[in-house]
Protein chains: 4
Amino acid sequence: MISVAIINVTSYTGLELLRLLAQHPHLRVTSVTARSLAGQTLGEVFPQLYALPSFTTAIDPMMVIAEEPAPSDLAFVCLPHAAAAEAVAQLLERGTKVVDLSADFRLRDVAEYEQWYQHTHPVPALLESAVFGLSECYPNQIAGARLVANPGCHSTTAILGLLPAFARGIVEPDVIIDSKSGISGAGRSLKLGNLYSEVNEDVSAYSLNGHRHLPEIIQELQAVAADNGHPQSAIRVTFLPHLIPMTRGLLATCYATLTPEALERLNSSSIQELYRAYYAGSPFVHIVEQPPHTKWASGSNHCFIYPTVDTRTGRLIVISCIDNLMKGASGQAIQNANLMCGLPETAGLPVLGVNP
Amino acid sequence: MISVAIINVTSYTGLELLRLLAQHPHLRVTSVTARSLAGQTLGEVFPQLYALPSFTTAIDPMMVIAEEPAPSDLAFVCLPHAAAAEAVAQLLERGTKVVDLSADFRLRDVAEYEQWYQHTHPVPALLESAVFGLSECYPNQIAGARLVANPGCHSTTAILGLLPAFARGIVEPDVIIDSKSGISGAGRSLKLGNLYSEVNEDVSAYSLNGHRHLPEIIQELQAVAADNGHPQSAIRVTFLPHLIPMTRGLLATCYATLTPEALERLNSSSIQELYRAYYAGSPFVHIVEQPPHTKWASGSNHCFIYPTVDTRTGRLIVISCIDNLMKGASGQAIQNANLMCGLPETAGLPVLGVNP
Amino acid sequence: MISVAIINVTSYTGLELLRLLAQHPHLRVTSVTARSLAGQTLGEVFPQLYALPSFTTAIDPMMVIAEEPAPSDLAFVCLPHAAAAEAVAQLLERGTKVVDLSADFRLRDVAEYEQWYQHTHPVPALLESAVFGLSECYPNQIAGARLVANPGCHSTTAILGLLPAFARGIVEPDVIIDSKSGISGAGRSLKLGNLYSEVNEDVSAYSLNGHRHLPEIIQELQAVAADNGHPQSAIRVTFLPHLIPMTRGLLATCYATLTPEALERLNSSSIQELYRAYYAGSPFVHIVEQPPHTKWASGSNHCFIYPTVDTRTGRLIVISCIDNLMKGASGQAIQNANLMCGLPETAGLPVLGVNP
Amino acid sequence: MISVAIINVTSYTGLELLRLLAQHPHLRVTSVTARSLAGQTLGEVFPQLYALPSFTTAIDPMMVIAEEPAPSDLAFVCLPHAAAAEAVAQLLERGTKVVDLSADFRLRDVAEYEQWYQHTHPVPALLESAVFGLSECYPNQIAGARLVANPGCHSTTAILGLLPAFARGIVEPDVIIDSKSGISGAGRSLKLGNLYSEVNEDVSAYSLNGHRHLPEIIQELQAVAADNGHPQSAIRVTFLPHLIPMTRGLLATCYATLTPEALERLNSSSIQELYRAYYAGSPFVHIVEQPPHTKWASGSNHCFIYPTVDTRTGRLIVISCIDNLMKGASGQAIQNANLMCGLPETAGLPVLGVNP
């Protein structure tokens, strides 16, 4: 068994990791931390964990939450940005492999990071060795990495939806991403906008001045375009997230213009084929033939993608959806940990989501 | 008092009309119809109406639902398309003014109608005299009309959001409308996709092959552009509706490209001014300075619009939202009836929506 | 016009008062306060209010929120308990009539109050003149009162559901009240348990050690029993509230045992008659013939009550439901203000709720 | 591997069985049926199943739905009552073991069945050998049975909540069960009351004239009382279910009167101990020390029970909650199948539910 620590276990991503690790065949939770609730047991913070001991020894609900992690083979860091970077640096020094769920090591360009996050990066030297943790993009690098930067939930959905189109050079470098997400992405933080009475029966756009997942999206689309011989120096992305009244789920509707050649040569069906071929080896990405529902993915690590051509306008529309706490956070983190530990990529991840 | 009939009162739009008419100072419901439930009383179908007699005489919960309407000054037709056209023709013959909530008289071009609705128009001769019932566009024509075609809910939201931009010629004739709506727009029909267990905790796109509100949107944007000296023969619109887990509310996010001149001359603030000036005389349209929430409009006839420039890409983003059963259906219908009857435009409409 | 102040306008009950007062024919808001947001305008805190000026002069969205109220004829106090009592005392001294939405003046027995609320009552001398503000119970006293204590939302629903049974002495003095309420009753406070991700798809009981609405319920049931010659010195009430995933609505299911005489003499139908007769003069209370839905009342001041006999066990089951922010708070407050000002009881209150 | 058939796979319980069987270590789906959708593949009816082949061979999304089941070791019958009984008879004749999720074999007394279900039982001879499938009650009988009648969701929750109290004879034989359930229990049937717009933001009671789960509850409480030397010939149960706006989850609040001896001898804490001892060997039943949330159980087979004494009235309150599609249907069915096949009781069942 491989020992793992969860740093800031009292977040929603921490809780979701506990659920997944409770039945993981190879990883075992040996240490959990959280500043504000240190001293309490896991079971006191999450009473549903008292259901655990009856059939698993993977996690002990009586485990006491510590301030600092005990040594382990691997750690999941669920801290907010900036705080995360410092914890990551300490863990790496100890020789612990890290999957960082924060934004601190996603952007390769430190200047870009500092502009978007408005503070000095605590450990810029680590940026070079960090791997962007989208398993479908960088499986080999992740397998060899000591620090993996788990991508943002919006970024994951949008990048997976647009990667094949950019890699194959079938779209103009100008794209609109209209994203709709459940509220759990906002975490357990006590803000007026997260209250039930505010969220229920409401939809609104947010981060109109630029959401922090935007530079990740640009970085990765640019990279894949370049890698595949389609250098697109000036990718223009409009990315607008919306909050909708549900707990889990994230759906990105991506609008791009097909290149004249692509428009002539391809249709919805052949683009679906192209997408299917692109993701042939990816156990969690599924190209479907009808508009997908976020509910299909609920509780699972799957991503459903539906690319289609709006024949009236020649636009490529790609609808991509996930469970934001799974493929958009903790599920992806387990997938990365599996790769880093030489385990099967799907180990410990549910086969199907929970429906209805 | 002006007597009104509600045709197919057992629909959600019929029920919403009852709510509004129950406290309308000048309109009185004298006749209600519904094929399948004829013979029952209003109170049997909608038990909440038993609350009525205690403080109003505007509607009687013991009123029997008929198959055919009794004569009245005005009628609201809440039938599905095709059935609506036939009922409208009969009502007009009798001399009854009509607000038709179906799609039968929205499109001026009968060929367009027949292509989108896949059947022969029952009474094409009436199309010429029908007025598109968006009160903000055609107040004078509505005031003089005998037949008003209440617009679709998606169309209303999108057109109101884009009108000023097209009228002032500040955007290229190429626009993407990403629309998110509550489920009540689908009516009381018994379809799997309308079940609570399917809709709850889910978001999905629909009508990928073209939603029937698209031709209305194109027709009206084209018209306003032409009227204001910006003939845009080739308006390209991608319109994609999404279903989200809420009962009421509709939010359209519109993406357009500013013309080079507009981009140079205007910014978010001046565009908001331009919008505010455009809607200066409109009591229900409000230009706001932050992303609006559908909840602000819930239960009211208001439309909130937020135009802003995405400075990274030079795109104009306009967010427009309403309550789909109000400004998107029954509220707009009352507003139209008010205009047709020479009443104050706001008569009988709630001042504020219900929050939270 | 009668001038009114809203103390702590930034609460949900304050917001609901604004909605109702915006179209009240006789009351006009002239002063609003809130400690933490003083200095901001109403429109800044509640942007949906920008919709106001277009058709009403009743409330000005540019009104600045003050720390202390300006003089007015009447004030609605929306403060938490203890803070409320102090504000009430000051208002009364100035000669302002008060509807207090807190719990500070609901219990006639100061000892009872101090036991349940765990602090010394700031102004016990005022308790004697305060009237319990359930309009259906004390219309004349309310009409003559200077201080009315608006009842709790759970209390209102349960008391209205059980009053006729206790007044007519048809049940044993032993009752179970199982209450289900939407989350808006918890207000706009930032607690983990109020977050969307916690409330959504969940139901749970709370206040197992005794909810503070219990003594109000006992006080009023005891009083009505005594008044009607059924002194029941030992009323035993088990009251258990549950939180369910909706914003508005409160439904109390009350279980009582019919007295042997009542069981012999009465059935569901005759008990419904008895209830109907009891509430004959009450415009907002409706005895219905099928289980009511909270949705019927949504946005309105109505209360729907369904009493029925469980013939298998001889138990009386009474289901009573309201909108907790309306009949359970701000709607009831307006009804009380109407009575206190000699206005029609229904003035300014919506005829019908918002459905669906 | 043990081969299993799912009869009427297109129900929600059928879909939930597919989810569980997709990662069951010993059971393999070899046949699925559904009258109305025969000829389609599983993947056509439930597109989310296309995610399957990538990591499991347990279920094939291309499996064609048949009208009649192919032979298998065990079958899960998800048909409505009456239809179920006939299918069960045929399966048993073939030598297939059956877990029947309908109500057809839950009641031991055929007269009782025929009174509640208002039709003649198709195969009354099978009633004798059927075992009531509450694994915590009848583990040995289930292990040896060929026909197990999976209990109703309300029954499961209430019986588990009350069993220890009745077995130990600490309560009077008179109990009130107020049950709150999500809408998925109503299945995928197209009824007005199941529509999102009707269920959302609403709570209501139903089956006021007697819900069909009531006789199951009485049968089992009576049996356990008798078995434990507390023959209670006249158990009086009032059972009232409520529908609340969520997809999954069921919470029963049970009110009983402690016997005078129990009241003197026991308190909340000692009753919790008594309950804990009673369920010591049950991996899915958990006695907790605070009011449980249905969300704790979501997606899992767990049942959380909180017994406590209302000291003001001497009543025992027991709150019991489950996921209605899991412990209340398909999870319980798998648990039964495990017992019937000599497998570990917990095989194939998730360790933890999905939170938030």
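The values are calculated or read from the model by the stated rules, or taken from the named source; none is laboratory data. Keep in mind the model is a prediction, meaning the values are calculated, not measured. Note that each Cβ is placed from the backbone with ideal geometry, even for glycine, and that neighbours are counted across all protein chains shown. Surface areas here come from the heavy atoms of the whole protein model, side chains and all, with no ligands, DNA or RNA. Shrake-Rupley method; radii C 1.70, N 1.55, O 1.52, S 1.80 Å.
Points worth noting:
- Filter result (part of a helix (DSSP H, G or I) and touching a Ser or Thr at 6+ places or on another chain (Cβ under 6 Å)) within the range C:143-176: C:His154, C:Thr157, C:Leu160, C:Gly161
- Of all residues in the range D:98-135, those satisfying the criterion of being open to solvent by 30 Å² or more (accessible area, probe 1.4 Å) and either within 18 Å of the chain's Cα centre (by Cα) or small (Gly, Ala, Ser) (or both) are D:Arg108, D:Ala111, D:Ala125, D:Ser129.
- Some residue of the range D:51-70 being open to solvent by 10 Å² or more (accessible area, probe 1.4 Å) and touching a residue at least 60 places away in the same chain (Cβ under 8 Å): yes
- Summed over the range D:184-215, the residues that are under 27 Å from C:Arg315 (Cβ atoms) and either out of contact with any Pro (no Cβ under 6 Å at 6 or more places or on another chain) or within 11 Å of chain C (Cβ to nearest Cβ) (or both) give a count of 16.
- Counted residues, the range D:262-283 - those being in a helix (DSSP H, G or I) and open to solvent by 10 Å² or more (accessible area, probe 1.4 Å): 12
- Residue that is farthest from B:Asp174 (Cα to Cα) [pool: residues in the range A:302-332 that are aliphatic (A, V, I, L, M) and facing another protein chain (nearest Cβ under 7 Å)]: A:Ile319
- In the range A:264-285, residue nearest to the other protein chains (Cβ to nearest Cβ) [restricted to those that are polar (S, T, N, Q) and under 15 Å from A:Leu160 (Cβ atoms)]: A:Ser282
- For the range B:71-86, the tally of residues that are outside any loop (DSSP other than H, G, I, E, B) and open to solvent by 20 Å² or more (accessible area, probe 1.4 Å) stands at 2.
- Scan of the range C:216-261 for residues that are facing chain D (nearest Cβ under 9 Å) and either outside any strand (DSSP E or B) or surrounded by fewer than 19 Cβ atoms within 10 Å (Cβ to Cβ) (or both), ordered by number: C:Arg236, C:Ile244, C:Pro245, C:Met246, C:Thr247, C:Arg248, C:Gly249
- Of all residues in the range B:6-45, exactly one satisfies the criterion of being closer than 16 Å to B:Gly187 by Cβ, open to solvent by less than 10 Å² (accessible area, probe 1.4 Å), assigned to a loop (DSSP other than H, G, I, E, B) and within 14 Å of chain C (Cβ to nearest Cβ), namely B:Val9.
- Residue identified as open to solvent by 10 Å² or more (accessible area, probe 1.4 Å) and either within 11 Å of chain A (Cβ to nearest Cβ) or modelled with pLDDT of 95 or more (or both) among D:Gly342, D:Gly299: D:Gly342
- Test: residue in the range D:145-159 that is open to solvent by less than 10 Å² (accessible area, probe 1.4 Å), assigned by TED's automatic domain parsing to the domain that holds D:Pro241 and aliphatic (A, V, I, L, M): yes
- For the range A:195-215, filtering for residues that are farther than 19 Å from B:Leu251 by Cα and in a helix (DSSP H, G or I) leaves 3.
- Checking each residue in the range D:156-194 for being farther than 20 Å from D:Phe284 by Cα and of a type in the set (Val, Ile, Thr) picks out D:Ile170, D:Val171, D:Val175, D:Ile176, D:Ile177, D:Ile183.
- Residue among C:Asn355, C:Asn336 that alone is out of contact with any strand residue (DSSP E or B) (no Cβ under 9 Å at 6 or more places or on another chain), crowded, with 24+ Cβ neighbours inside 10 Å and not assigned by TED's automatic domain parsing to the domain that holds C:Glu172: C:Asn355
- Where a residue in the range A:258-278 is at negative phi and its partner, wherever it lies, is small (Gly, Ala, Ser) and part of a helix (DSSP H, G or I), with Cβ under 7 Å and at least six apart: A:Tyr278/A:Ala167
- Residue match in the range B:182-197 (condition: out of contact with any strand residue (DSSP E or B) (no Cβ under 8 Å at 6 or more places or on another chain) and crowded, with 24+ Cβ neighbours inside 10 Å): yes
- Each residue in the range C:204-214 was checked for being buried (at least 23 other Cβ atoms within 10 Å of the Cβ) and within 15 Å of the chain's Cα centre (by Cα), and 1 pass.
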